[in-house]
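Worksheet: the structure to be examined is printed underneath.
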Amino acid sequence: MYFVDRAVAVIKPKQPFLDWLNQLPDTDMIDLSLDSLRSDCTAILLPEFIEPEEGVAHIDEISEQLFKMELASWDEDEALWPKDLSLKAFWEWFDVEIHSTVMDSVDDDITNSPASEL
C-alpha cells in the first residue's frame, strides 16, 4: 500500500439533480432513484490539506466545472441544463464527502489523462 499525496472528494447528487434527470427526454425508460444515483458517485482528487475547510474551499473553486461535468455525464445538450450553475446551486444539488487520506493498493504506476474541457 502507498500513501497518495492527495485528498479525495466524493460528489453525491441530491434531489434537485434527480428532478432534473427525470424531466430529460428519454429518461422515462430508466428507473432512477436517489439511492441508485448516490451509490456509484464521482470521486475527485484534491490537493492535500490540513484543515477540512481547505478541501471545501477547493471544491468551491471548481464547483462550476464539477457541476457541468456531472450534468454532461447524463446529457451533453447544454440547452437542457439548468440555467443557474452558481456555487449556491451546486451545494443545493450535491453533497460532497471529503476524505483526507488516499491509499493506493496497486503496485503499478498511475497514468493521468486529461478530462474533456467543459
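The values are calculated or read from the model by the stated rules, or taken from the named source; none is laboratory data. These figures come from a predicted structure and were not determined experimentally. Positions of Cβ are backbone-derived with ideal geometry, glycine not excepted, and every protein chain shown enters the neighbour counts. Surface accessibility is based on the protein's heavy atoms, side chains included, excluding ligands, DNA and RNA. Shrake-Rupley method; radii C 1.70, N 1.55, O 1.52, S 1.80 Å.
Summed over region 73-88, residues that are touching a residue at least 60 places away in the same chain (Cβ under 8 Å) and assigned to a helix (DSSP H, G or I) total 0.
Here region 55-71 is the region considered, the condition is being over 11 Å from the mean Cα position of the chain (by Cα) and not acidic (Asp, Glu), and the residue that is farthest from Val102 (Cα to Cα) is Ala57. Restricting attention to region 20-58, the residues that are exposed (fewer than 13 other Cβ atoms within 10 Å of the Cβ) and in a helix (DSSP H, G or I) add up to 7. Scanning region 3-17 for residues that are within 14 Å of the chain's Cα centre (by Cα) and in a helix (DSSP H, G or I) returns a single hit, Phe17.
Cβ-Cβ contacts under 9 Å between residues 6 or more apart (or on different chains), taken from a first residue in region 32-49 that is free of Cβ contacts under 8 Å to residues at least 24 places away in the same chain to a second residue that is of a type in the set (Phe, Trp, Tyr), are listed as Leu34/Phe17. Scan region 1-19 for residues that are in contact (Cβ under 8 Å) with a residue 60 or more places away in the chain and either aliphatic (A, V, I, L, M) or open to solvent by 30 Å² or more (accessible area, probe 1.4 Å) (or both) and the total you get is 13.
Restricting attention to region 17-41, the residues that are hydrophobic (A, V, I, L, M, F, W, C) and modelled with pLDDT under 90 add up to 3.
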